[in-house]
Every structure is written in structure tokens, then in C-alpha cells.
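All remarks here apply to the structure that follows.
The values are calculated or read from the model by the stated rules, or taken from the named source; none is laboratory data. All of these numbers come straight from a predicted model, not from anything done at the bench. Cβ sites come from the backbone with ideal geometry, for glycine too, and all protein chains shown count toward neighbours. Keep in mind that these areas ignore ligands, DNA and RNA; they rest on the heavy atoms of the full protein, side chains included. Shrake-Rupley method; radii C 1.70, N 1.55, O 1.52, S 1.80 Å.
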Amino acid sequence: MRTMQSDYMHWAKFKAPVRFALTGSEVPHFRMDSLPLSIADLDMDGASHPRYAPLRERIGRHYGVSPEQVVAADGTSMANFVALAALVEPGDEVLIERPAYDPLIRAASFLGATVTRFERRPEEGFRLDAERIAAAASQRTRVILITNLHNPSSALADEDELRAVGEIARRVGARVLVDEVYLDSAVPPRPSAVHLGPEFVSTNSLTKVYGLSGLRCGWVLAEAELAERIWRVNDLFGVNQAHAAERLACIAFDNLSAVLGNTPEMLRRNRDAFNAFAQARADLDCMPAEHGITAFPRWAGGDTERLDAGLREHFETAVVPGRWFEMPEHFRIGFGYPAEHFDEGLKRLGAALDSLR
Ligand SMILES: Cc1ncc(COP(=O)(O)O)c(C=O)c1O
């Protein structure tokens, strides 16, 4: 049956809030009003611009690709959806990593694709294993879908690993769709996979690393002919993007280092604090957090629904239970918080783990 929803997304949006949440996967919101801008900069005269060129040019410049390779979309979410919609027909196979960000699986299923899976294993640092991917790919595979950095583990796929996946895709006549929404939080940040060849399509937004989820500024990068097809699909969902948001996104791109601010330092500090915490605990098993905004430790105590419930009930904090990523003994923890919040959350997590021993 065709999927009509993502239960994970519904849970993520409407779960009860707690004071010291560690569930997030984005950095604190950036205040656009801290930049020197006025209401006139937003061009609020009702004009609506097809494929608003100034934004595509800025995104293209950011990556060193031509504006013809840039498709705008509402967040990485819609970018993923329109890219998949342009590439997949009902009955085609979409090969998706496991564990995976649930809406990716649901979007492929909604489009009528047959979803097949390959494993990223914790004991291998969740790396992409080309042999396993090759074994799972078939002549019906149209898209190999990965996240880089990997959500939930933040594992980084390097250029050689990506090229190996590209090689498999070329062999079966598929594309590699790489959701790069966390890539700019790699240490150091890495170039987009779109530079590795025409079989690569990447998606991203200003949401996670730049703290601008409210702008919904997302994009697809693809070779120009495919980008044109994706634009045409986009026409089915909305004529144009919201223009005031496009203007704000241009302003954000013009001030991107100010928008990024001390985010890399904040993330590094919290990863270090988490690594020290996890290493000192016999009940947690986790590769050292080197990149990204999240980690995905395994808890020796079993199903982490129980851990999350205990955290919520007694400690005013929360994590993302691993069942949402098809690995119930793991949980996802987010690093995108001010130091005091993160340290307090971590302290409470430690107390909860102790209480459940
Ligand atoms: C892998 C991945 N892609 C996309 C998104 C959504 O991004 P956006 O807010 O830009 O739509 C998320 C959010 O959690 C994510 O983890």
C-alpha cells in the first residue's frame, strides 16, 4: 500500500516539549534581524519570480556550479521529494540506507517505488560498504539514496566511498541522491558530491547547520538537463517560491559566515563533551563523534523507548529513540545546543542511565 505519511515526522513535530531536550538535529536559530536589513529589502510588492535568478546564482556560486544546475525547493525535504519524483516511476527500485531518515523511505514509497535497503553497520562506524550496496542494487534500481553526513550517526562518506557508489549506479543506470543537509558540519566541511559526476544529485538547505529552518530555503544540485526536469516537477507543487523568503535567503547567503558564527566551535565543544561522557560509560557504545550535529550510541539496557520515557518522566530531558531509525537499542542525541543546555542535558542523561541500570 502507498505510504501517505511519516509517523516519525509527526512524532518529531508534536512530541511533548521538555526543558533540556537533546532530540534536535539543527543548531540554534539564527536571528535574521541581527543583520542590517529593512522591510524594503524583502521586496514585498506581490511580485513572484519564476526560478528567481539571484538566489540560484548565489547557491551556484557557493558550490562553484552553474545556476542551470540549481533547483530551488522548500527545504531539503521538498528538494528530496522533487528530485525523487523526477527520477522514479512506479515500480522502480529505490535503494535506501538503513538506518535512514524516515521521510526519505516514505517519499519513495509514496511515489510508488519499490524500496530496497542496504545496511550501514554500527560495528563498521556506519560506513558505506560498496560490496553490500552492489549486492543490493539491481537493473531496476533507479536511485541509490544516502545521507552524507549520515543521519543519525553523522558518519562521513569520503570521496572514494562516494565514487564507489557512483560506479555501482552507473553500472545499473541509476543516480545517487545524496542528502547533504548535515555536510557543512563535517570537520572540515567537504565539497558536495555533485562534483563527482553526472550520476550524482545532491540536496541541501539552510536548515540544519545555519539555523534558518524557518526560511525553508532548500535546493537540488544536478546536471543541467535533470535540473530542468526537476524544475518542471516543481511546477506541479507550487508555481513559485515565496518571494520574501527568497530575498531573505539571498541576504543569508551574502552574510553566510556571520550566519554560521561560532556554530563550528559550539558543535566541536559539545562533541568533545559527549565523547568524554560516552567513553566513561560501560553501558554506551558509540564511535567517537568527529563530525555533525548528532550521534547514535547503542545502549546496553535494551529498547531506548524506556530510556526516553524515563528521561521525560523524571529528568525533563529527551532523546530520539532508535526505533525511529529501525535500531531500537540505539538513540540519537543532538549537539546543536548552547553549552549550558547541552551539559545539563548530558548530566541528566547520565542520571537516567544510572537509574535504569
Ligand atoms: C537527512 C535529512 N534531510 C532533510 C531534513 C529536513 O530538512 P529541511 O528542514 O531542510 O526540509 C532532515 C531533518 O531532520 C534530515 O535529517
Selection status of L162, within 12 Å of the ligand (Cβ to nearest atom) and either crowded, with 16+ Cβ neighbours inside 10 Å or without any contact (Cβ under 8 Å) to a residue 40 or more places away in the chain (or both): no
Within region 202-221, identify whether any single residue is of a type in the set (K, R) and either within 16 Å of the ligand (Cβ to nearest atom) or buried (at least 24 other Cβ atoms within 10 Å of the Cβ) (or both), and answer yes or no. yes
Single unsatisfied condition, Y182 versus (1) over 12 Å from the mean Cα position of the chain (by Cα); (2) within 15 Å of the ligand (Cβ to nearest atom); (3) of a type in the set (F, W, Y): (1)
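This table checks each residue for (1) within 16 Å of the ligand (Cβ to nearest atom); (2) touching a Leu at 6+ places or on another chain (Cβ under 8 Å); (3) under 17 Å from G214 (Cβ atoms); (4) without any contact (Cβ under 8 Å) to a residue 60 or more places away in the chain.
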| position | (1), (2), (3), (4) |
| --- | --- |
| A40 | no, no, no, yes |
| A47 | no, no, no, no |
| P50 | no, no, no, no |
| P54 | no, no, no, no |
| G64 | no, no, no, no |
| Q69 | no, yes, no, no |
| G75 | yes, no, yes, no |
| M78 | yes, no, yes, no |
Of all residues in region 48-98 being of a type in the set (K, R) and open to solvent by 40 Å² or more (accessible area, probe 1.4 Å), which is nearest to R127 (Cα to Cα)? R98
Look at V233 and say whether it is buried (at least 23 other Cβ atoms within 10 Å of the Cβ), in a helix (DSSP H, G or I) and away from the ligand (no atom under 16 Å from the Cβ). no
Pick from region 133-155 the residues that are closer than 23 Å to T294 by Cβ and away from the ligand (no atom under 14 Å from the Cβ): which of them is nearest to the chain's Cα centre (by Cα)? I144
